[in-house]
Amino acid sequence: MGELMRRFWVPVLLQEELPAPDSPPVRVRILGEDLVAFRDSSGRVGLLDSHCPHRLADLFFGRNEECGLRCVYHGWKFDVEGNCVDMPNEPAESSFKQKIRTTAYPTEERGGIIWAYLGPKDLLPAMPDLDYMQAPASHRFVGKVLLECNYFQSIEGDIDNSHVGFLHSLVGTTTVPGSPVTSSTQLQYQMRDKTPRGFVKETPYGILHAWRRNADLSHYHWRYNHWLMPFYSHVAGPPGSTLGIFLRPPRDDETTWAFVIRWHPERPLTDRERTALATGESVMPSLKSGTHFSKANRGNDFLIDRALQRSYSFTGISGSIYVQDMAITETMTPIVDRSREHLGTSDVAVIAVRRMLRRLARELQDGIEPHAAHHGEVYRVRCVEGLLPRDVPFSEDAPRQLLAARP
Amino acid sequence: MGELMRRFWVPVLLQEELPAPDSPPVRVRILGEDLVAFRDSSGRVGLLDSHCPHRLADLFFGRNEECGLRCVYHGWKFDVEGNCVDMPNEPAESSFKQKIRTTAYPTEERGGIIWAYLGPKDLLPAMPDLDYMQAPASHRFVGKVLLECNYFQSIEGDIDNSHVGFLHSLVGTTTVPGSPVTSSTQLQYQMRDKTPRGFVKETPYGILHAWRRNADLSHYHWRYNHWLMPFYSHVAGPPGSTLGIFLRPPRDDETTWAFVIRWHPERPLTDRERTALATGESVMPSLKSGTHFSKANRGNDFLIDRALQRSYSFTGISGSIYVQDMAITETMTPIVDRSREHLGTSDVAVIAVRRMLRRLARELQDGIEPHAAHHGEVYRVRCVEGLLPRDVPFSEDAPRQLLAARP
Amino acid sequence: MGELMRRFWVPVLLQEELPAPDSPPVRVRILGEDLVAFRDSSGRVGLLDSHCPHRLADLFFGRNEECGLRCVYHGWKFDVEGNCVDMPNEPAESSFKQKIRTTAYPTEERGGIIWAYLGPKDLLPAMPDLDYMQAPASHRFVGKVLLECNYFQSIEGDIDNSHVGFLHSLVGTTTVPGSPVTSSTQLQYQMRDKTPRGFVKETPYGILHAWRRNADLSHYHWRYNHWLMPFYSHVAGPPGSTLGIFLRPPRDDETTWAFVIRWHPERPLTDRERTALATGESVMPSLKSGTHFSKANRGNDFLIDRALQRSYSFTGISGSIYVQDMAITETMTPIVDRSREHLGTSDVAVIAVRRMLRRLARELQDGIEPHAAHHGEVYRVRCVEGLLPRDVPFSEDAPRQLLAARP
């Protein structure tokens, strides 16, 4: 599975973590590998083995200067391509420098994120044309948070729609299926009908999964979401609202980076939206200052408040709703023993994604490269939710219809 | 050995940890297993696998409501018997709910403690009729503290009487055997004669062990204590004083729960006795607020005070004498390498208990169930200490004589 | 390799850690073994197995009194030779005491340090006649700091001279080889010529390694340093300055004790020199109060200051220059995977020391004892640096010439 992931571009840092040419190098742990990233004098991003190939000094302590990262132990200097461009402690006439290279991975910057490719040199993939990348920076928020569990547990939260009506609900929400919706917000559909019927379809980019709920006597409420190879998710919102994307690259087997994206296709985010995201009142958790680690975490039981749980919030975990997801996915144990699960009809998308990932991993073993890795254009899809007459069936075309019908 | 322990009722929580119907669920780790306990709306205590059988969400975050614990991930709800009594994210007509059960262990409440049975369903044991259970709640104190070592190391402190004259002594106590006792308290006997002679006898409940010391020219001072299957201990006191019981179920191989019981057979505990127990001035250590973890612990060398050790206390560890025991038993290493020991005559009870436990474990492998597990009445014994004429030998009947002779 | 090290005297504590007869016992972890040290009533130092042979109680909690360390569990008492000299919980007539011994290692005190011998009884080695031991206590400073890496990584910093011109340099130091030295301090030679030529020679005590740099048109600047079996280093200084010695015994495979010695052969250290050493402004790091653990450490990235790194210090790590070494050697990973290294000509001494250690370890397997272990006099060597005419070649005799030429 690691080989499969290394066929794709992988998000590794926020652009703001390397804010300017020659800014300080930063540590990167991704796909179980320890690396160091730096932005050189000309603005290019290097991603190198964290240890100098000479005697394994840690390049995190290095000097980022004059188009290269210089190890402070003996002054060896490397460019973004991993070439040793200076070796001042060896005689000037030595040819040793020419023989030294360090591991360096190609990087690209897109959509507020620094991406890297950690796979075989001759199989450089296409960058995925993710929906939000079309919008200018003003229209988006991109955050990053460390998750203390296997990446796939965190993905399962994105593709399992029936949990929304419970984990993120308020106490007292009616659970009677089919009762009429009186609220003005579409989120109410997910709270009123707790038993959505799920539909899945394999696509060139991954899995289209749709969730159908009773709305009124003549309509269903539909959410059309996407899981995109190898660890991305689109999360729909009601008309006019912002949209969500999660990128969840494995940091290693037991921890995950979540890149939390919120964006609007047509307008800049408002100050209020940005503030809510930055302070943990929206989908992004409140972080410990200067870190990507949530203040509410496993060590403090995600700050559960049992009185609040009794009276108002279904979980008793307030602030960002994403902390509710973290509480569940991180405490299943770092890697769930799946032989103990009991999957139901609500897990139809979980099952579909697991099957597809397993199939693609096996195909790769047989020499078949994953199609999506080389066709960035297949990622040009949008998620959407809305009402449709009861006789409109699940179809790949429905998202387009729903979008077209919007005011 | 784990199988043998699972043939008995095991103390898992203080009753006060589940104070009322529908109070918050609590985590339980016992015999290496992670569980969650809750008291349902009708007051019954449930003890379930800590992870929901659906997708392994942690039921600690669950809602305890309307006679069941509801997982906050998808709303699945379980009763104290482990039945899935609600599955609101699946279609109402689904029969999936009937197929789902989770691990649930029988529980009982007795003597201020919640007990559980973790063994085979068809071998439900009898509750041990421990001496202190006859007394009303007013007559007892029950505390709980985490020990950072194997359960058996902590038991050895209970059944090894010769350590009392050292570990719990004061500096300057004479060590001349047979010197006359002038103090009014019987504890002085243990301080004056540091070389008790130990006697052991196997019994239906475990091991009777007695410790004989020189008192005066015509009397011996005797302590008759009990070790009771599988990890309980009675600790005698002088006439009129409170009595002690320790229950020491393994939390896992390297940690132990100590239930520390202090009680009086004939009268309520006084306010002063309760305060001393609650504040760490008696047998119970002072705990970190809101936890069962001792303030004095391995991480701070049990707050040893070398000046105090030189001038007054044999160990330099003040406060609860039980912290002195913890200091010794927890720093032997989490599980002692017993091949390095050198046992003497003072270890006669340690040897007897080990032999009995090993024999019972082997018998169980051969299909012989432990007798005490099904005969709660064999636990009806009391410990006692006092003076007897020198010609009265060690006997099972002596405790009765000593008790009868009391004013 | 562990067997080889156990053929030598090993530094284990500062003398000041056992300041007086009957002072409190202290824990010692050395060569992977857990021990307890104490100074008995007559001033002799005992170094015993940390656990009492009776039931493995930790002797750290013991009472140091009347020429022995007494276990507080049952009062067994041991002298510095490991004999059980009191066993008060066993009958006076028992012969059990005579059968009990505990592990005890011989110790010696020399040069402000308590040394121990952990090898076979019949092969007691000679104490190394280290240069600094000839000087009175007034002339020396001896400190101790814990390193979080394998001992050999920390030694490599001592025997790799080319790192000095980088790791310990200031920003803007010219790197043009051969440019004339205008500064008055000899340290400037190391900053100006960054490409020293290294020379090595095997000796009876270990490896003599010398580093030659361009000084002026007719002179070279030479540093003659020593690595001494099995883990000591001499570090030269300019004429009139103090000299450095590092003793680096393995605490275990992944941690090391560094004994940091600074001394002057001819005069007492000044108050200013002592203050700089004690407060972390010189070679000794600033320690957390009451510990041997550096305030700047792996957990806080050695307090690197990126602005300082840009403007002044090559590393951005200020205070003791030794913290710069710790930053590099401790973050290579606890034990470097040497198959990933790329050694150059600057690593000539690293290569020579590794070869010698490996050869001596193999010889020991074949029954050949290490010569230096039994010939303390071979350690009587001094390091030196200075200018020599360009036609004077590397030789074992050069240090003597350089010393003789000093004013």
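The values are calculated or read from the model by the stated rules, or taken from the named source; none is laboratory data. A quick note: this is a predicted structure, and the numbers were derived from the prediction, not measured. Reconstructed Cβ throughout: ideal geometry from the backbone, glycine too, with neighbour counts over all protein chains shown. Just so you know, the surface numbers come from the protein's heavy atoms only, side chains and all, with ligands and any DNA or RNA stripped out. Shrake-Rupley method; radii C 1.70, N 1.55, O 1.52, S 1.80 Å.
The table that follows gives values for the structure above.
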item: Selected residue [open to solvent by 20 Å² or more (accessible area, probe 1.4 Å) and modelled with pLDDT of 95 or more] from A:His139, A:His54, A:His74; result: A:His139
item: Selection count where residues are aliphatic (A, V, I, L, M) and either within 14 Å of chain C (Cβ to nearest Cβ) or on the phi > 0 side of the Ramachandran plot (or both), scope region A:36-65; result: 5
item: Odd one out for C:Val12 among (1) more than 9 Å from chain B (Cβ to nearest Cβ); (2) crowded, with 24+ Cβ neighbours inside 10 Å; (3) of a type in the set (A, V, I, L, M, F, W, C); (4) over 20 Å from C:Pro106 (Cβ atoms); result: (4)
item: Search result, residues across region C:73-100 that are under 32 Å from the mean Cα position of the chain (by Cα) and not acidic (Asp, Glu); result: C:Phe78, C:Val80, C:Gly82, C:Asn83
item: Some residue of region C:233-243 being buried (at least 21 other Cβ atoms within 10 Å of the Cβ) and over 17 Å from C:Leu403 (Cβ atoms); result: yes
item: Of all residues in region B:78-91 being part of a loop (DSSP other than H, G, I, E, B) and more than 7 Å from every other protein chain (Cβ to nearest Cβ), the one that is surrounded by the fewest Cβ atoms within 10 Å (Cβ to Cβ); result: B:Glu81
item: Any hit, region B:1-23, residues being in contact (Cβ under 8 Å) with a residue 24 or more places away in the chain, closer than 26 Å to A:Asp305 by Cβ, among the hydrophobic types (A, V, I, L, M, F, W, C) and touching an Asp or Glu at 6+ places or on another chain (Cβ under 8 Å); result: no
item: A:Ala352 away from chain B (no Cβ under 13 Å), within 27 Å of A:Tyr224 (Cβ to Cβ) and modelled with pLDDT under 95; result: no
item: Residues of region C:96-105 classified as open to solvent by 50 Å² or more (accessible area, probe 1.4 Å) and more than 11 Å from every other protein chain (Cβ to nearest Cβ), total; result: 1
item: Exclusive hit being surrounded by fewer than 22 Cβ atoms within 10 Å (Cβ to Cβ), within 12 Å of chain B (Cβ to nearest Cβ) and more than 19 Å from A:His292 (Cα to Cα), set A:Phe152, A:Phe166; result: A:Phe152
item: Any hit, region C:272-294, residues being more than 8 Å from chain A (Cβ to nearest Cβ), among the β-branched types (Val, Ile, Thr), over 22 Å from C:Asp253 (Cα atoms) and in contact (Cβ under 8 Å) with a residue 24 or more places away in the chain; result: yes
item: Residues within region B:321-335 that are open to solvent by 50 Å² or more (accessible area, probe 1.4 Å) and either away from every other protein chain (no Cβ under 14 Å) or assigned to a helix (DSSP H, G or I) (or both), tallied; result: 1
item: Index of the failed condition, A:Gly376 passing every other in (1) more than 14 Å from chain B (Cβ to nearest Cβ); (2) touching a Pro at 6+ places or on another chain (Cβ under 7 Å); (3) buried (at least 19 other Cβ atoms within 10 Å of the Cβ); result: (3)
item: Condition check for C:Ile368: crowded, with 21+ Cβ neighbours inside 10 Å and of a type in the set (A, V, I, L, M); result: no
item: Pick from region A:379-396, criterion among the basic types (Lys, Arg) and within 29 Å of A:Trp263 (Cβ to Cβ), ranking: surrounded by the fewest Cβ atoms within 10 Å (Cβ to Cβ); result: A:Arg380
item: From the options B:Leu364, B:Leu343, residue that is touching a helix residue (DSSP H, G or I) at 6+ places or on another chain (Cβ under 7 Å) and within 26 Å of B:Pro120 (Cβ to Cβ); result: B:Leu364
item: Residue among C:Arg338, C:Arg406, C:Arg362, C:Arg298 that is closer than 30 Å to A:Lys99 by Cβ and surrounded by fewer than 17 Cβ atoms within 10 Å (Cβ to Cβ); result: C:Arg338
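Residues checked against (1) assigned to a loop (DSSP other than H, G, I, E, B); (2) in contact with an Asp or Glu (Cβ under 7 Å, 6 or more places away or on another chain); (3) in contact (Cβ under 8 Å) with a residue 12 or more places away in the chain:
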{"site": "B:Ala349", "(1), (2), (3)": "no, yes, yes"}
{"site": "B:Val353", "(1), (2), (3)": "no, no, yes"}
{"site": "B:Met356", "(1), (2), (3)": "no, yes, yes"}
{"site": "B:Leu360", "(1), (2), (3)": "no, no, yes"}
{"site": "B:Glu369", "(1), (2), (3)": "yes, no, yes"}
{"site": "B:Ala373", "(1), (2), (3)": "no, no, yes"}
{"site": "B:Val378", "(1), (2), (3)": "no, no, yes"}
{"site": "B:Leu403", "(1), (2), (3)": "no, no, yes"}
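Table: residues versus (1) out of contact with any Leu (no Cβ under 8 Å at 6 or more places or on another chain); (2) farther than 18 Å from A:Asp58 by Cα; (3) aliphatic (A, V, I, L, M).
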{"site": "C:Ala236", "(1), (2), (3)": "no, yes, yes"}
{"site": "C:Thr242", "(1), (2), (3)": "no, yes, no"}
{"site": "C:Ser282", "(1), (2), (3)": "yes, yes, no"}
{"site": "C:Phe293", "(1), (2), (3)": "no, yes, no"}
{"site": "C:Leu308", "(1), (2), (3)": "yes, yes, yes"}
{"site": "C:Phe314", "(1), (2), (3)": "no, no, no"}
{"site": "C:Thr331", "(1), (2), (3)": "yes, no, no"}
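This table checks each residue for (1) basic (Lys, Arg); (2) at pLDDT 95 or above; (3) outside any loop (DSSP other than H, G, I, E, B).
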{"residue": "C:Leu4", "(1), (2), (3)": "no, yes, yes"}
{"residue": "C:Pro11", "(1), (2), (3)": "no, yes, yes"}
{"residue": "C:Glu16", "(1), (2), (3)": "no, yes, yes"}
{"residue": "C:Pro19", "(1), (2), (3)": "no, yes, no"}
{"residue": "C:Asp22", "(1), (2), (3)": "no, yes, no"}
{"residue": "C:Arg27", "(1), (2), (3)": "yes, yes, yes"}
{"residue": "C:Val36", "(1), (2), (3)": "no, yes, yes"}
{"residue": "C:Gly46", "(1), (2), (3)": "no, yes, yes"}
{"residue": "C:Glu66", "(1), (2), (3)": "no, no, no"}
